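Encoded as structure tokens, the structure appears first; notes follow it.
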Amino acid sequence: MISEIVEVKYYNSSKLFTKLRNITMLQQKHIYPYELASMSIEKLNLDLLSPSQNYIIKDHLLQVEELKFKLKTYNIDIFNLNGYITMKIIKDKTPIKIDLLPIIVEEYILDNGQIAYIIADGMHRSYMAYLQSINPEIVFIRGIPKKLSYYAYPVKIDNWNLIPQFNHNLPADNSHIKKWRKYSKNENYKYYRNYNSKFNNCSKPKGGY
């Protein structure tokens, strides 16, 4: 959990888009998946979006809630950033810089030619927005080359309420799969978007892929 936020700096959407165009893949640092893509900031109904994972971790959801209330004292709405922020937090007595980006959604072309809008980053914030009947602001990214498409398939759901929740981690019996991988386990991280290549501590592989 976050002990204290001691500094917040705001950066506009132009700065956000410039940095996003320069992020690399995790294991292919010469590839920039968003370099030539179209980007916009929009508000979309969550019913139009597809999660990229099959469950929610309650601990992560509570962290999002805590962050929401702490940033509110800085007049920052985590569902309406219109850019991104850099915050300095104190965690276990250690200062850490963390960037908070809007929810990132990618246009995803399925093998049958249909189009899905997959949540590439910000799953727990999206779920909280759903619980609170909020249409959150997202970065909508279109025109990514198909060969660089997101590394997992969109999860088909009719109702966000059907997404299971776990307290800390998955059950020990491995009865739930986090994501349906598009690539083999050995290749998966080649297509992982490394937002940390341009931003501070905002995303990292958590396993379970």
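The values are calculated or read from the model by the stated rules, or taken from the named source; none is laboratory data. Computed from a predicted structure; not experimentally measured. For neighbour counting, all protein chains shown are included, and Cβ atoms are generated from backbone atoms with ideal geometry for every residue, glycine included.
Annotations for the structure displayed:
- Restricting the stretch 32-42 to residues that are touching a Phe, Trp or Tyr at 6+ places or on another chain (Cβ under 9 Å) and surrounded by fewer than 16 Cβ atoms within 10 Å (Cβ to Cβ), the residue that is nearest to Asn135 (Cα to Cα): Glu42
- Pairs with Cβ under 7 Å, 6+ apart, first in the stretch 131-150 and closer than 21 Å to Ile56 by Cβ and modelled with pLDDT of 90 or more, second in a helix (DSSP H, G or I) and polar (S, T, N, Q): Pro136/Ser126
So that you can scan it fast, the table gives a plain yes or no per residue for (1) hydrophobic (A, V, I, L, M, F, W, C); (2) within 15 Å of the chain's Cα centre (by Cα); (3) buried (at least 18 other Cβ atoms within 10 Å of the Cβ); (4) farther than 19 Å from Ser203 by Cβ:
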position	(1), (2), (3), (4)
Pro51	no, yes, yes, no
Ile56	yes, yes, yes, no
Leu71	yes, no, yes, no
Asn82	no, no, no, yes
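- In the stretch 160-178, the qualifying residues are those that are part of a loop (DSSP other than H, G, I, E, B) and at pLDDT 80 or above, and the one that is farthest from Asp111 (Cα to Cα) is Asn167.
- The number of residues in the stretch 36-77 being at pLDDT 95 or above and closer than 24 Å to Tyr192 by Cα comes to 7.
- The stretch 76-135: number of residues that are in contact with a Phe, Trp or Tyr (Cβ under 8 Å, 6 or more places away or on another chain) and not hydrophobic (A, V, I, L, M, F, W, C): 13
- Pairs linking a residue in the stretch 10-35 that is within 23 Å of Asn82 (Cβ to Cβ) and at pLDDT 95 or above to a residue that is among the hydroxyl-bearing types (Ser, Thr, Tyr) and in a loop (DSSP other than H, G, I, E, B), with Cβ atoms under 8 Å and 6 or more positions apart or on different chains, are Leu20/Tyr34; Arg21/Tyr32; Arg21/Tyr34; Asn22/Tyr32; Ile23/Tyr32; Ile23/Tyr34.
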